[in-house]
Structure formats: C-alpha cells, structure tokens
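A quick write-up on the structure given underneath.
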Amino acid sequence: MIKNFYTGNNQVSISGKQIAVLIGVMLLISIYAIARYQGMWGETDTSSFAQSMRAISAEGTLTPRNSLYSNGYGYPVLGQWISQLSGLSISKVQLFIAILMAPWIIMPAWLFFREITVSPFAATLATMILLIQPEFLFPMLRGTHEKFTRGLMLICLYLLVRSLRIKSNLHRLLSFTLTFYICAAGLITYNVFLATSLIGALAFALIFCWLGSWWIGSRSPIETYHLNSIGYKILGLCVIVFIFMFYVYPPTQDNIRIFSSMADRLWTLILGLEPIASNPYNVIDRGWLNTPIYILLTLPNWLLLVCSMAIWLMKTWGIIRRKFSGGLADFLLWALFTAFAVQGLLSIGLDFSGTLAANLQHRVFPSFAMLAAPLVAKWFMDRRISFNTSSKFYRFGLPLGISLLAMLAVLKATSEPLLSNKWTYYSTGEAQAVQWADQTLSGRKLWTGFDERVNAAVIIRQDARLLNIQLDQYDREPETRNLLVSSITRLRSLRLKEAIPVKPDDFITYDNGSTQIYHLRPRSPFQW
Amino acid sequence: MKCNLNQLLILLVIPGFILSTPQKSTVNQSEIKIKVGFIPLSGISLESLIDGGYGEGMLVYSTNTFPSVHMLAIKLTKELGSNSAMAIIIQIPIDARNFDLPELVDNVLDLPPTIVIESLDGWWLRDSVPSYNLDIQVWGPVYAMWGASQDPNSGTQSWLSEYGPNDLTVQIMVRDENHDGIPDWELRSKIPKILGRADISSNYAERKCEPAVAIDPGIFPLWPYVSIEGGYVQLQGRLRPPVVLDIDSGEITHFSELVSVRGQNCTYAFYTIDPLTPNQLNNTNFEAPFALYDLSGNGTGYPNLILRTEHYPAGDRWFNQSTRDFETVRYSWRNEVGDGHWDYKIEVAGFHPYQSQTPIAADQILVDSPSYEQFPRWVLDHAWPAVTFVNTNGSPARSSEGIYTWSPRELGDDYLRGEVDKPNPNAFSLIPEGWQGEYRFTRDIPPQLYGSPIDKRLHLVGAEAGLINLGNGYLLHEENLDNDLFIDSWTLEENDCAINDDPSTSCHREIEESLYALDQFIVYSGDGEVEIRSFDSPPTVFEITPPADPRSWDHFVESATAFSVNQNDPGDLHSWLDDFPIEIATISGASISDVVVSRDGFQFSLILQPGYESFSENELLPITALPAGRYLVHYDGEFQLTHLSPASAGLDLRANPHEDIDLNLDNHLLSIKAAQFPQTSGVILLLVLLSIFCLARMIFKNIPQ
C-alpha cells in the first residue's frame, strides 16, 4: 500500500542538495533578522525568557520565585547552558544565538514531511511552503522555546509515522518508541501547553482515523495494530505529562486552571451569557499600516489556508463517499490536519472569549501549518502529471511568486517598521537615557513609550531586578513623573496618532540629542 | 481518651464530683444557667490539675435545664514530666449535646478541637492568679482577630468566611511576664490562606502602664477562661475570659483580646497587613503603631492621648506602590482624665520613612516603627506637608480611636501621592456642629498651635483656612489671606443648607459679617457698616505644641483652659472690636468685598450706598464727599481710593499668523527615516529571495514525472 519514492542515489543526492538549500535559506532569514536591527531590538517573550534564565542561575533552582516560566523549564535551561558553555551573556544568547538556531527546524520538518508524504520532493516543497508562512517564521526568529517545541513536535510526528512502516523488527520498533518518548518528554519540558495540544490533536486524529477507516471499511489488521499502538503511545504521553505536572515541575499546574478557564469562557461565549470579551482581530487596524498591507503580508497564510482547506474538503468528500485511495499515512495526515484545524477553530472562539491574551490563534496556526503544508505538497505531487512542470510558469513564474511570498513572510515575521505599527527596535540614545535614569532617578518610575518596546529591550540586556528605576509603559501611571521621549517615540506618536504625555512647559532633565527625559512640572506641593 | 467505668461510677456516687461546689458555677443569661462539671479522667482532682498537677480531666459546660444540654468539653491535661499544661476546647456537636456523661466522654474527646491552649507556666490558676503565659491555636470560624467580624444579617463577610471548621485560623501568644494575672502583651497571627487581600495578618498589643483592670473570672472561676458574654474587644478597665460561649447556639463565637488595645490607659499596638515575623526587621504597614497614653496618670481604663497611625513603606502594594513612605497620624487628646471623649486633634500626613529598630514581644520581633516612648515626640518634631486641627469646643466626640473628622486624606490619596494635580474639591467643607477645624497643605512645618489675639481661640500655625460650625445654618469661615502663619480673615455665613448636606448642592448662602486683620488694621464689615480700627498686637498670644508627655499635657491644659475663658463669640464678629478701641474709620451704609493682600499692603472693594455716612480719624481714609458707588481701597502705607467702573468685554477676531505651521508632515517618510533600513539587510533579503527562487526552481525542475 505504501509507495516508496525515495530510493535511488540520484534522488538521495537531489534531496541532500534541497535540504542544504532549505537550511541555507533559513540561515539567511535568521541572518537577515539579526542584520535588520543589529541586535537593537526587544520583544516581550524574549525578555521574559532572558529574565527566567537569569532567575534560574541566580537562585540555583528550576523554580525561582521570580520570573518563573510556568509552562516548562526546557528553554530557560538551554539558554543558560549555552551561555555558560560559550561564555556569552544571556542577552547575546537571546538576541543572536537563539535566532541563529532557527535553521534546526528544517531537518525535523523535512523528515516528517517525507514520512507523511512518502516523497522527498513533496517533503522539500512542504518545507518550503512552511518556511514562507509568516506566522510560522515569527516565533522562529525570537528568543523563545518555540523553535524547539515545534521541532520536537515534528520529530515526534516523524517517529510516530515512521514506526507505522516497521512491521516485524522489534528492535527497531523499540528504538523508535523509546526515541519517541524521549523527544516527547523533551517537548513537555519546553512547553507543556503545546505538548498537551499535540497530545490532544493526536487523540482526535486517532478517533478520526478509527471512524474514517471504519466508515470506509478498509482497515487492515496491521493498520488496526498501528492505530492501537498510537493509542497506547497517547496514553503513555498522558502519563508523562501527569508525572511532569504533578511531580517534576508543579508550576505547570497553572495549565489546569487555564484549561478550566478556557472551557468556562467558551461555554459562556457559546451560550451567549456574556458579550464578546474582546475582538482580537481588531489588532489588524492597529498593528499594521493599513488593511491591504496586512492582507498582502499574510498572503502566504491565506493561500495555504484556502488551498489546504479545499484539498481537505475533497479528501473528506472522498471518505464520505468511501472512495479514499491512500494508505494509513494518508489517513493520518488527513486526520491530523482535521484535528489541528479543529484546534484552530476552537482557538478563534477562545480568542473572542479573551482567554490567554486573546492570541491563541497565533499559537495554533503554526501547528496547523505544519500539517497543511504537507497536505498541499502531497496533493501537488499526486497530481504532478496533470501539471506541465516543464512550462515557463513552473520554471520561472511559480518560483518567482514563491520567492516574493517568502519576502513578504520575512518582512511580516520581523515586524518591519515600514509596514508594521508594532516597532521592536530601539536606539543607542534610548539605551543611554535609560542608563542615566537608572543611575539618577533611583526608586522612581520612568515612562518609556506607548508599548513595551524599550522595556523589553532593557530587560533583555540587563537583569530587571537590578534596575533602580521602575519602568512604566503604555498609559502613563499617575505616579510616573519622568518620561523618556526619543525621536522614535515622536515618530511612533505620529504613526499611532497618539499624543506624547508631556506638556510644553515640562522640564527636560536629560538630553542626549536623540532622546530626552522629561520631568513633569509639579502642579501641587505633593508632586516633585 | 476514654473514661473508665470505675471512674464513672465514682463520679456518679461521690457528691463532690460533679455539679457541686466548688466545681459548680451557674450564670444567669436569659433564664438559662450554665453549670460546669468535672470528670477526672486519670483520678486527679480538679484543684490539683488546675494547680499544675500531672493527670487529665474534662470540664463539661452544660445548661442546667432538663434535660441538660452539653455545650463545651474542655480536656485538661498535663503529661508526666511536661512543663506545660494543655487545654483542648471542643464544641459539642448538636447530636451529642444530650448524651449522658459516659457517652459524652466516649464520643467527644477525639473530636477536632476549636481552641487549644497551652499554659507555659504548667498551671491554670495558682493563688487565685490565672496563668496568662499561653500559646493558643484557634480553628474554624471563631472571631479571634481584628477584622474577622461577620454579620450574617447584613451579609458582611470577612476573611474568616474562607476558612473551614477544621482550618487553623489564628495563632496567639500571650505573656504575663510579672505573673500578676493580667497579660502584658499578645501577638495574634492569621494563618495565611488567601493571598492578594489586604487583610490584617498580625495584631500586636502591649500594655504600657500599670493596669487599672478588674478581672472577671467568668462562668467558672477555677478555670477562668470561659465567658458567656462579651465579644472580641474588652470593655474599659475589665478583663473578661477570652473564650466566649454563645449559650443560644452552644458555639464559641469569640476568642477575645487579652491585652486590650482600646480598653485600657496605655497601649502600644500594631495591626499590620504584612505579617510580623520573628528574627528580622519588619517593615510595618497599616496601623503601625497604634499608641494610647494616659498623660493624666489617673486613667480609669481610657487613654487621654491616642495616636492612630496608618503607615505604608515605599513600594507597598496596598498604597499603590508609592515611591516613598507614607503615613498619617491621628493625634487626639483630652484635656481631662481619659473618658473616651476627645477635645482636640491634629492629624498629620507625610512621607517620613520609619528608620527605627524597636523590639516588641519581649524582643522576639523587631519593627521599624518609632518606639512607644518616642512616638508622640517623633510626630511633633517632624515637619509635615499636610496637617489638620480639630477643636471640639466642649462638644467632645466619643470614640475609641480619637477624632476621625477632617483627616488630611480628605484631600485624596492620589493627590497626596502626587498622582493628580488638584485636591478633592469637597475636602474640609463639612464639620460637626460646634466644632472648629483648620487645615494646611502648602507648607512643610511641624504641627504647632497658637492663641490668636483676635478671636481668642487656638489655631493651627500655618493654617490656610478653617471652619467653625455654629449650628442653625451659621458657619464661620477662617482664612489666611497673606499666606503667613496666622489666620487673618473671619467670615460669618448664614445658609439654609441641610446639616451634613452635600456642599455641592445649591442652597442659599449669605455673608452676615466679616472681619480681617490686615497689616496694622482690623477691618470689619457687617450689618451695613464698615469699621476700621487700629491693630498693633503681635499675631499670637502664645504658641504651644500639642501634649506629648504628662508635663506638656499639664502645661497645655493650663494654657488652653485659661485662654478659652476669654474667647470671643464666633457668632458676633462686631463684638470682637471691643478689644481694639482705636477707631480709624467708620462708615455706615457701606460694605466691603474682594479683600486681597499684596506684598506691600492690601486692597478691597468698598461699596458706598446712597446716603452713607462716614467718620475718618485724621482723614486717613479720604471718603468724605465721595459719591455713592464702588471704590477700590488700596493700602500701601496710606489709603488710596479709586472709583471702579463696570467692566466691558469685547471680542477681537483676527487670524493667527502662527497657524501657518506646516502640519503636512509625511509621517510615512519619517518612519522610513526612523527605520533606517540597513543596506546589508537589504542585500540579505535579496539573497533570501534568490535562494527561495532557486530552491523552487530546483524542486519543479527535478520533480519525477
């Protein structure tokens, strides 16, 4: 039933070249992300993990009292280990090394795609499709756990699908199973929330496979055996998650509260007991120059979404008509896609209910893309004969289109300030001003801008606990009387159409040319 | 622990065993009496057990109704070789209240306790003196700490509602260091359960002077720890047993304070939100300290000086994480022996950090607050940016915490923290009838009072304004027009506003009289007459600091009493002129308004009605033969009059040439400039594009057909 395309020296050689180019492309994207801001950027999650790494080191425990990352200790420990090993500071690890590690995702992705599509060409095509997804690229280019979480998810899926092809070699089966559990355990230590999401998707996919194959009536004994083994693996994963949450790393028990809250909020929303908490998709208006720009930049996402959904509908229709021609791997691909699509739909509902900062859809989309890409690639490969791939369109037009989409994806993933209203870069003048404030405004609060841009940058570069000032952001706190205003702040003010909260007669207490610190003029005896 | 059969038989046949003197005591409460019986679980007599003998027994508190209803079982034990004695207090469940005694012993002793008391002395009562060296644990919904009150009728819930019946709620240490049967200090600690609420975590109370306390032995003098009356707070001058049994419900409702904070002459107390922790310096927040003094030395259970503080260290989350320390101290005192009433108050608000290291709880705990002995002087010696003064004028307020009225916090916490520019506009606009209140918040000086030669009253040095509520709709407004240290303007207002009505609501107000002390003149306006008299007295008769110790209290009482004898009638400003006999000018048919003090003198509007008459000594105020009308009177060494004509308004509409500022900034271009797209990154982006292009070509070129 399973056809094997990837045999033969020529194919292996081509695959090797393609993988090398894929890694090279990802490396170039990483270098671009670094070169774009030259290390002068800041972002909330990256700064949080920097803090977490420092806290683990300072307190000598995986569960520090401050800056604990409650979803898993994997990434903070890895970052700290790299720092200790290389002698690089935590900030350098987060700003440079973390981004340069992004290309590692290529191998797990390619391996899984090859396994699920049973074609190295489809695998390369799927990996390329994945790489041009801005929502997938964005977390890869930050100092967070996601590149490893996604990579480990892909490895787990690869091992799971790969083990389906092992029929009688017990030794290999055991090796794959053991490796699967080791990788899954690693994934859980990085982020138990995403690990649970994967387990949930696997469980759903298993159910869909059972139901689908039962409906078609084509399930062979070996397929039944494999489905059973997947079921046992899911149970095994649940046990590992339970041990991890309740014995190894209890802070992850926060997730129980989160899941409970998710269910409550979703039911409340569905039953109409409360109005929509927030519309997370309003961010389009605020986050980007305008709506056409946003649509253009997210075009790769939309194309993948539309194409994959169309293919899925065709396949689902085939299953309903009991005319599904693929094997278990195909069925699994369809089922996994369905499961992650369901998670995506749920996440949109949860976003409207206001759960988890209303950005769950952003977290789920990369998982969805990881299954949508091979679905599209495999569909293309299955119908390659229908297309004249030697035509100019395939030789020149389509590659050019894909490379333009890639460029758009890179611009979106790096929050290009020409197009995005969410700026992440900062200037040397701003850094100097914060340093001055830290030395001279001890114990006071300093407003640093309309969002966390400067604060995140500062916290990546130095331990927040050692700061003498308290950094204030967004709307100025009433007690904050010192404000950092830079040329970037002024431009941001124009872009956002928000007034800088200083008056013309407020005191300028610091000025380095590009950045000033204002002290609000006291207007009562209790202001100073 | 079970009672053996022999013991029970003995209990049944020996007359002295149960419900008989001296082990029996009855108390009347709504026709129900409580009797106390003793069951010697190990053969020891009650007297011996109470006196520290080894063994165990059980006290049973029951009604004397028929059938008897058992309410409390208290197991008293002292293990062989132990230095301490234990009392385990168990509330008898409803279904066991009618058990006979053997059944009760079998069923109750192993139930979870409500209160466990450990006597560190090893005895409970010796030579008629109860032991108050106790460590106590309280379980379940018993009001054993300030802030735990609950009112099921009103639905008021406290932190106590979050605790189950078997949860340990409060731990208490009580110590009687001189063994006089009156506790010297106690520390109560709430067992934390819910974080993120500003509940009081620690109560500390220390008796600071020899007590005038009558000990109430409660229901059963042999074990004097149970009462059927009282609440959490002790009554003045009494020490009631702490375990309060509600005989209607058969439940323990309170474990009363043993060192009363408010019910005695002298106390040094703390109510802190953050727990007081041993062996470290504690940054105290909330009521820290709460200090009561008997400056008369003759107190009968009431202090006559009380300092109620609210302090928050810098960054405290319960005061909006203010960047500096904040405290208010309500400093109230009585000019007589303490009786729960108060004559005066100054209340200060400021930002002085606590820098002391004061040991409390027999040196087990260090706090940053000033010590009991230093605290009044600490308050009076510091300069404070916001101070109020209240004089109850013989209508003293009754309160266990001093005078609440006119706290500087009426200005608004956000204003005091500097978060907003303007104070609460309704601050200091109402005061109880008969009372005088003053405030200042524009200068930073220590709190001090002075006697004014004009109204013969006490005032706050530096006060900016004040108010006396004369009742019946009359208010006397005080003001400090020249911004020196003294009140120099009095305005008597009559209004028809309802008492304690919202001042912002509209009501009719009319100025009846006004009197000003301006430069070397007293200027009076009222009843259609203006009088100007010479004023050459110093601005104060005397200056005095609020009392901080017995000596200064004696001095204050003497000075204030003597001074207040001659105080002027606040409802008749004209009568005040009798103290200033030298007339400068008198004008009938006239009035003044808009008094303004300037650097070199003062000025006011003088309205001369048609037919007015005037007299001016030496023509100092040249008004004779002036036509009726409105005049500006200006004084800068000599009086000058200027006729005032009505103001006319006009509008001049002209284009503003400065509006030509170019607002057409292309912010998008500016963004590009700001983004500073590096050339290298542009090259890399092109490389990305190129490599993807090559990859895609490679794929489509090599796809096997």
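The values are calculated or read from the model by the stated rules, or taken from the named source; none is laboratory data. Small disclaimer: the values here were computed from a predicted structure and weren't measured. When we count neighbours, we look across all protein chains shown, and the Cβ atoms used for this are built from the backbone with ideal geometry, even at glycine.
Here are the numbers for the structure shown:
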read-out: Qualifying helices (runs of 4 or more DSSP H) (wholly inside the range A:5-97; at least 3 residues being closer than 23 Å to A:Phe136 by Cβ and either touching a His at 6+ places or on another chain (Cβ under 9 Å) or more than 11 Å from every other protein chain (Cβ to nearest Cβ) (or both)); value: A:44-59, A:74-86
read-out: Only one of B:Glu287, B:Glu336, B:Glu347 that is surrounded by fewer than 24 Cβ atoms within 10 Å (Cβ to Cβ), of a type in the set (Asp, Glu) and not in a loop (DSSP other than H, G, I, E, B); value: B:Glu287
read-out: Test: residue in the range B:562-582 that is in a strand (DSSP E or B) and either modelled with pLDDT of 95 or more or polar (S, T, N, Q) (or both); value: no
read-out: Residue match in the range B:163-180 (condition: farther than 24 Å from B:Leu120 by Cβ, without any contact (Cβ under 8 Å) to a residue 24 or more places away in the chain and of a type outside the set (A, V, I, L, M, F, W, C)); value: no
read-out: Selection from the range B:61-86 of residues that are under 16 Å from B:Ile44 (Cβ atoms) and crowded, with 23+ Cβ neighbours inside 10 Å; value: B:Ile74, B:Leu76, B:Lys78, B:Ala85
read-out: Residue in the range B:305-321 that is more than 20 Å from B:Gly350 (Cβ to Cβ), outside any strand (DSSP E or B) and in contact (Cβ under 8 Å) with a residue 40 or more places away in the chain present; value: no
read-out: Pair list, Cβ < 8 Å and 6+ apart or interchain, from the range A:139-156 residues that are more than 15 Å from A:Leu202 (Cβ to Cβ) to residues that are assigned to a helix (DSSP H, G or I) and among the basic types (Lys, Arg); value: A:Pro139/A:Lys147; A:Pro139/A:Arg150; A:Met140/A:Lys147; A:Met140/A:Arg150
read-out: Extreme residue, farthest from the other protein chains (Cβ to nearest Cβ), among residues of the range B:292-333 that are surrounded by fewer than 22 Cβ atoms within 10 Å (Cβ to Cβ) and small (Gly, Ala, Ser); value: B:Gly297
read-out: Pick from the range A:250-301, criterion assigned to a helix (DSSP H, G or I) and touching a strand residue (DSSP E or B) at 6+ places or on another chain (Cβ under 8 Å), ranking: modelled with the lowest pLDDT; value: A:Gly287
read-out: Within the range B:375-420, tally of residues that are within 14 Å of another protein chain (Cβ to nearest Cβ), under 18 Å from B:Pro546 (Cα atoms) and surrounded by 21 or more Cβ atoms within 10 Å (Cβ to Cβ); value: 4
read-out: Those residues of the range B:264-284 which are surrounded by fewer than 24 Cβ atoms within 10 Å (Cβ to Cβ) and more than 27 Å from B:Asn320 (Cβ to Cβ), in sequence order; value: B:Cys266, B:Pro278, B:Asn279
read-out: Every pair of residues 6+ apart whose Cβ atoms lie under 7 Å, when the first sits in the range A:385-405 and is within 18 Å of A:Ile129 (Cβ to Cβ) and facing chain B (nearest Cβ under 8 Å) while the second is of a type in the set (A, V, I, L, M) and assigned to a loop (DSSP other than H, G, I, E, B); value: A:Thr389/B:Ile703; A:Ile402/A:Ile132
read-out: All positions within the range B:377-410 that are modelled with pLDDT of 95 or more, closer than 16 Å to B:Lys345 by Cβ and not in a loop (DSSP other than H, G, I, E, B); value: B:Val379, B:Leu380, B:Trp384, B:Ala386, B:Val387, B:Thr388, B:Phe389, B:Val390, B:Asn391, B:Pro408, B:Arg409, B:Glu410
read-out: Some residue of the range B:450-457 being closer than 30 Å to B:Gly263 by Cα and away from chain A (no Cβ under 14 Å); value: no
read-out: All strands (runs of 3 or more DSSP E) inside the range A:410-528 with 1 or more residues being within 13 Å of chain B (Cβ to nearest Cβ); value: A:445-447, A:470-472, A:482-486, A:515-519
read-out: Scan of the range B:421-431 for residues that are more than 14 Å from chain A (Cβ to nearest Cβ) and either without any contact (Cβ under 8 Å) to a residue 60 or more places away in the chain or touching a Leu at 6+ places or on another chain (Cβ under 6 Å) (or both), ordered by number; value: B:Phe428, B:Ile431
read-out: The range A:16-45 residues that are at positive phi, paired with ones that are assigned to a helix (DSSP H, G or I) and modelled with pLDDT of 95 or more (beta carbon under 6 Å, 6 or more apart); value: A:Gly39/A:Leu95
read-out: Check on A:Leu336, modelled with pLDDT of 85 or more and more than 30 Å from A:Trp210 (Cα to Cα); value: no
read-out: Any chance A:Thr124 is within 14 Å of another protein chain (Cβ to nearest Cβ) and crowded, with 23+ Cβ neighbours inside 10 Å; value: yes
read-out: In the range A:166-187, the residues that are of a type in the set (Ser, Thr, Tyr) and either crowded, with 18+ Cβ neighbours inside 10 Å or more than 15 Å from A:Leu202 (Cβ to Cβ) (or both); value: A:Ser168, A:Ser175, A:Thr177, A:Thr179
read-out: Qualifying positions in the range B:201-228 - of a type in the set (A, V, I, L, M, F, W, C) and either crowded, with 20+ Cβ neighbours inside 10 Å or touching a strand residue (DSSP E or B) at 6+ places or on another chain (Cβ under 8 Å) (or both); value: B:Ala205, B:Val213, B:Ala214, B:Ile215, B:Ile219, B:Phe220, B:Leu222, B:Trp223, B:Val226, B:Ile228
read-out: Unmet requirement for B:Pro359, which otherwise passes all of (1) surrounded by fewer than 19 Cβ atoms within 10 Å (Cβ to Cβ); (2) not in a strand (DSSP E or B); value: (2)
read-out: Residue among A:Asp438, A:Asp451 that alone is without any contact (Cβ under 8 Å) to a residue 60 or more places away in the chain, acidic (Asp, Glu) and over 30 Å from A:Pro300 (Cα atoms); value: A:Asp438
